[in-house]
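Structure, as structure tokens:
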Amino acid sequence: MNGKKIKSILESSPNDEKCTVRGWVRTFRANRFIALNDGSTIENLQCVVDFEKLDENLLKQINTGAALQLSGTLVESQGSGQQVELQVTELSILGSSDPESYPIQPKKHSLEFLREKAHLRVRTATFSAVMRVRSALSFAVHQFFQEEGFFYVNTPIITGSDAEGAGEMFRVSTLNPKNPPLNKDGNPDFKEDFFGKETNLTVSGQLEAEAYALALGDVYTFGPTFRAENSNTTRHLAEFWMIEPEMAFYDLYDNMDLAEKFITSVLKHVLISCKKDLKFLDERFNKEENTKPQQQRSTMGLLEKINFVVSNDFKRVSYTEAIDILRNSKPNKKKKFQYPVNEWGIDLQSEHERFLVEKHFNCPVILFDYPANIKAFYMRRNDDGKTVRAMDILFPGIGEIVGGSQREERLEVLEERIKEMDIDAEELWWYLDLRRFGSVPHSGFGLGFERLVQFATGMGNIRDVIPFPRTPQNAAF
Ligand code: ATP
Ligand code: MN
């Protein structure tokens with residue numbers, strides 16, 4: 001069964017060539033015009049049938065959602081909008097679709113409604129565009145790192161260490177939940193479990209990536225990540241994909257440079273490779289923004305935002321400077337923040353991050369040198385004794401898109417931090433070994449892939465940029 005993709009047909013010029021296409025009906029008008037889509041592009045191919053020559057029974061089955069195979073001649077289009085159309089000579093129904101019960105009708109559906117139909121929503125223009133951009137971005141991620149000489153490593157998905165994610169992890173167990181073996185304290189005895197210990201789904205591949213960076217030099221992971229945090233926001237999923245580069249001999253500034261170059265490069269890639277999808281999403285974004293009250297509207301369009309990020313440097317600001325800006329800001333003085341900014345040392349809330357990015361600087365911001373006690377144990381301590389070499393990258397409309405740091409490479413300092421934070425050092429024996437044998441300065445970061453896809457597609461809810469989202473109380477499909 002030879003068929004041509006609609007994308008390549010639409011790029012060709014009409015030459016009275018015979019061809020066969022297969023796809024799904026988006027609309028069928030006037031018993032004559034089929035708009036056929038095969039997923040290869042946002043555009044439909046207009047296919048013209050001669051209904052007088054068609055068996056009536058066949059005609060009845062050309063409904064929205066039905067799968068068809070059409071053969072005919074490619075001719076110059078009579079209608080406006082496209083160059084070519086298919087003059088159909090043969091038509092077969094590959095899969096019919098009941099027009100009464102098919103949920104995806106040719107009209108506007110709400111994103112909420114479509115979330116309930118996640119198995120079919122990708123047949124809409126919006127979701128197919130988002131998923132093609134997502135695919136292009138993930139290709140660009142690999143391309144970027146491979147061209148920079150990084151090695152792709154696959155860190156474990158089932159992890160035996162809980163140093164990073166205490167309380168936010170999904171347990172992996174084959175014990176009988178009804179009647180687990182108990183230890184002498186009356187708790188489930190995980191020695192009897194599959195791995196002979198408690199295991200969980202990973203919240204980050206960083207610790208393992210560090211081991212690989214200290215041998216291969218520059219490495220990256222790109223894989224599924226799980227967090228059992230009960231945060232029902234538009235930016236959190238229970239299952240998401242994270243990109244985690246880890247580089248030997250990099251300090252925090254090298255780390256920032258790489259992160260900025262990386263984000264800029266993958267966005268440039270989709271600007272070129274996803275032109276039509278982005279144009280469609282840009283128009284969708286504008287329409288969506290226009291339904292919001294004036295003050296909440298984005299000041300830039302989607303393409304404008306992407307171009308802005310690609311062509312402007314990210315603003316670099318220390319945590320201490322940021323606190324000063326926030327403390328003296330209008331919303332803080334007028335008590336408009338839900339969490340007032342009074343003293344150095346507080347964890348920044350999303351309202352503070354948004355103020356910095358969307359109101360004060362109006363561009364992506366890299367915040368660095370955070371207070372040690374609001375950050376993880378592995379971040380390198382600064383000489384001031386109070387701050388660590390952490391950096392977060394904040395994006396307009398998204399908030400945090402990257403979290404990273406220079407890692408603590410000094411054994412004694414790391415051991416001290418682990419003790420201070422009451423973490424089980426025994427479990428980290430292998431991680432500490434990395435500081436015993438050939439330790440070097442190194443750095444890395446984690447970027448939430450779906451947040452990047454959100455930024456590139458202008459989708460407001462993270463549930464709409466992953467095929468089948470997992471969130472609290474929702475693992476349908
Ligand atoms: P946030 O404060 O937004 O919850 P975080 O500080 O927990 O983020 P990190 O642990 O630094 O995030 O993880 C690195 C990156 O992974 C984040 O910058 C973000 O892009 C992404 N990320 C974190 N949690 C989630 C989640 N639940 N769903 C999707 N992406 C996430
Ligand atoms: Mn979080």
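State which entries of Lys108/Lys268; Lys107/Lys287; Lys18/Lys53; Lys18/Lys276; Lys53/Lys107; Lys335/Lys375 exceed 23 angstrom in Cα-Cα distance in the structure shown. Beyond 23 Å between Cα atoms: Lys108/Lys268; Lys18/Lys276; Lys53/Lys107; Lys335/Lys375. For region 353-368, the Karplus equation 6.51 cos²θ - 1.76 cosθ + 1.60, evaluated at θ = phi - 60°, returns couplings of 4, 5, 4, 4, 7, 8, 10, 7, 9, 6, 6, x, 10, 9, 8, 9 Hz by residue, with Gly and Pro reported as x. Residues in region 432-447 carry Karplus couplings, in order, of 5, 3, 4, 8, 8, 10, x, 5, 9, x, 7, 8, x, 8, x, 10 Hz; the curve used is 6.51 cos²θ - 1.76 cosθ + 1.60 with θ = phi - 60°, and Gly or Pro positions show x. Here r is the Cβ-Cβ distance between Phe51 and Asp324 and R0 is 51 Å; the resulting FRET efficiency, rounded to 0.05, is 0.10. When only alpha carbons are used to place a centre, region 279-341 and region 156-188 end up 41 Å from one another.
Computed extension gain for Lys107 through Glu351, at 0.36 nm per residue and net of the alpha carbon distance, reaches 84.3 nm. Between Tyr339 and Thr73, the simple label model (points 7 Å from Cα in the Cβ direction) yields a spacing of 6.9 nm. Spin-label model, Thr89 to Trp430: label points 7 Å out along the Cα-to-beta-carbon direction sit 6.5 nm apart.
Coupling constants for region 370-384 follow from the phi torsions by the Karplus curve (6.51 cos²θ - 1.76 cosθ + 1.60, θ = phi - 60°), and in residue order they are 7, x, 4, 7, 10, 10, 6, 5, 8, 7, 5, 6, 7, 5, 5 Hz; glycine and proline get x. Solvent-accessible surface of region 6-104, taken per residue with a 1.4 Å probe and all protein chains present: 51 Å². Straightening the chain between Gln473 and Glu283 buys 65.1 nm, computed as 0.36 nm per residue apart minus the Cα-Cα spacing. Considering helices alone, the calculated mean residue ellipticity of the chain at 222 nm is -9000 deg cm²/dmol, with DSSP H runs of length four and up weighted by -39500 (n - 2.57) and normalised per residue.
FRET efficiency for the pair Ser80 and Gln294, taken as 1/(1 + (r/R0)^6) with r the Cβ-Cβ distance and R0 = 30 Å, rounds to 0.30. Normalising the average separation of contacting C-alpha pairs (under 8 angstrom, six or more residues apart) by the number of residues puts the relative contact order of region 6-104 at 31 percent. Once both labels are positioned 7 Å from their Cα atoms along Cα-to-Cβ, the gap between Glu11 and Asn461 label points is 3.5 nm.
The values are calculated or read from the model by the stated rules, or taken from the named source; none is laboratory data. Since the model is a prediction, treat every value here as computed from it, not as a measurement. Glycine gets a Cβ as well: all are built from the backbone with ideal geometry, and neighbour counts include every protein chain shown. Just so you know, the surface numbers come from the protein's heavy atoms only, side chains and all, with ligands and any DNA or RNA stripped out. Shrake-Rupley method; radii C 1.70, N 1.55, O 1.52, S 1.80 Å.
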